1. Quick one: dipole size for the stretch 32-147, taken about the Cα centre, charges +1 on Lys/Arg Cβ and -1 on Asp/Glu Cβ, in debye to the nearest 20.
2. Return a whole-number percent for the relative contact order of the stretch 100-177, with Cα pairs under 8 Å and 6 or more residues apart as the contact set.
3. With 10 angstrom as the radius, rank 279, 320 by how many other C-beta atoms surround their C-beta, starting from the fewest.
4. When N counts the residues of the chain, how does its alpha-carbon radius of gyration compare numerically with 2.2 N^0.38 Å, as a ratio?
5. Report, to the nearest 10°, how far helix 313-333 tilts away from the longest principal axis of the Cα atoms in the chain, using its own Cα long axis and a range of 0 to 90°.
6. Nearest 10 degrees, 0 to 90: what angle lies between the long axis of helix 354-367 and the longest principal axis of the chain (Cα atoms)?
7. Give me the distance in nm between label points sitting 7 Å out from Cα along the Cα-to-Cβ direction at residue 174 and residue 131, one decimal.
8. For the chain, just give the cysteines left without a disulfide-compatible partner, judged by no other Cys Cβ under 4.7 Å.
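We did not get these values from a lab; they are worked out from the coordinates using the rules stated. Please read all numbers here as calculations on a predicted model, not as lab measurements. Note that each Cβ is placed from the backbone with ideal geometry, even for glycine, and that neighbours are counted across all protein chains shown.
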Amino acid sequence: MTGSLISTLEGRYYTDTAIFAREQERIFERMWFCAVRSDDLAKPGDFRTVQVGRESVLVARDRTGALNAFLNVCRHRGARICVDEAGSVKRAFQCPYHAWTYALDGKLVAAPNLTSMPDVDRVEYGLTKVHLREWLGYAWVNLADDPPSFEDDVLSAVTERLGSLDAIDGYEIDRLSVGRRIVYDVKANWKLIIENFMECYHCATIHPELTEVLPEFADGYAAQYYVGHGAEFGDEIKGFTVDGGEGFGKLSSLEEERDRKYYAITVKPQVFINLVPDHVILHRMYPLAADRTVVECDWLYARDVVDTGRDVSRSVELFHRVNEQDFEACERCQPAMASRAYAQGGVLVPSEHHIGEFHAWLVGKLESAD
Ligand code: FES
Ligand SMILES: [Fe+2]
């Protein structure tokens with residue numbers, strides 16, 4: 001590896017509302033977007049609304065037990081159907097404006113005087129469906145008419161990082177339970193959060209607890225760019241907890257070789273997966289503005305750990321501190337993106353060079369002709 005510096009994106013990429021609008025259109029409304037933990041919608045009628053690009057998307061469980069996703073827009077005169085972030089309806093969604101009523105599968109089932117309007121087709125005027133696929137126990141949605149392959153967009157990120165898709169299967173992420181969820185409202189552009197997650201040059205400076213547990217992180221090399229490499233726990237470390245004390249024991253289906261190791265995967269454009277022997281930490285980003293990103297972070301444990309009420313607080317505390325340390329760093333950079341000092345951008349040191357590939361990927365998405 002050479003010792004050369006390479007340039008970052010220019011500051012305007014992190015502040016310009018026109019660039020953000022293009023990212024919404026070209027990236028978030030075209031790629032697979034991890035929207036909702038499937039278990040959060042346990043029974044028919046449970047719903048959640050999420051912001052995906054410029055759209056509000058309604059995800060709901062129907063009477064057959066399946067999840068569906070729709071644009072959260074009434075087909076009559078466009079009122080937003082659900083304004084709450086989460087909730088439950090009995091049998092249908094009723095628009096609060098003129099009471100058009102949609103079944104849980106999106107079909108228009110009732111409206112005042114509907115029988116006297118035979119040209120209103122109940123399927124054609126149903127809620128606009130969005131593609132949905134479940135993986136790792138999450139509902140991933142895609143707003144494109146013709147979605148890109150899930151394999152190319154999502155699964156390949158895991159293969160590139162871990163060497164194979166089988167490597168993630170042992171964690172059985174779809175069967176884990178949410179032991180804790182923390183939502184962070186970060187005053188920073190989503191790309192600062194991704195770039196930060198991709199490098200560990202900052203680990204020695206801002207993550208004292210993490211580098212105690214994973215000593216190799218103090219050298220500044222992100223585990224993310226050696227295919228298949230997991231960062232080893234330090235010799236004295238018993239578990240992935242805030243003080244290195246005992247965790248919950250390895251997940252039952254996990255291979256021996258993955259014990260005492262940490263793996264991190266970035267699934268562009270908005271998911272981070274952190275794998276440790278006894279739990280999984282999964283971040284979903286919701287970019288809301290050029291300078292604001294909501295991050296929903298789930299700590300996922302074996303079902304019995306959650307069901308028996310074991311105390312997960314020391315386990316959660318480690319990555320919660322890492323999150324706070326990281327997001328504070330991102331918020332520290334955000335205002336500077338508009339400074340004259342950053343008009344031409346900054347630089348990437350050798351251990352950050354892989355972030356340059358992310359920048360090239362982003363520019364390619366924004367500039368592609370279609
Ligand atoms: S806008 Fe929804 S019923 Fe009229
Ligand atoms: Fe960090």
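1. My answer is approximately 280 debye.
2. Relative contact order of the stretch 100-177: 20 percent.
3. Going from least to most buried by this count: 320, 279.
4. 1.06
5. Computed tilt is about 90 degrees.
6. 30
7. 1.8
8. Within the chain, the cysteines lacking a partner Cβ under 4.7 Å are 34, 82, 297, 330, 333.
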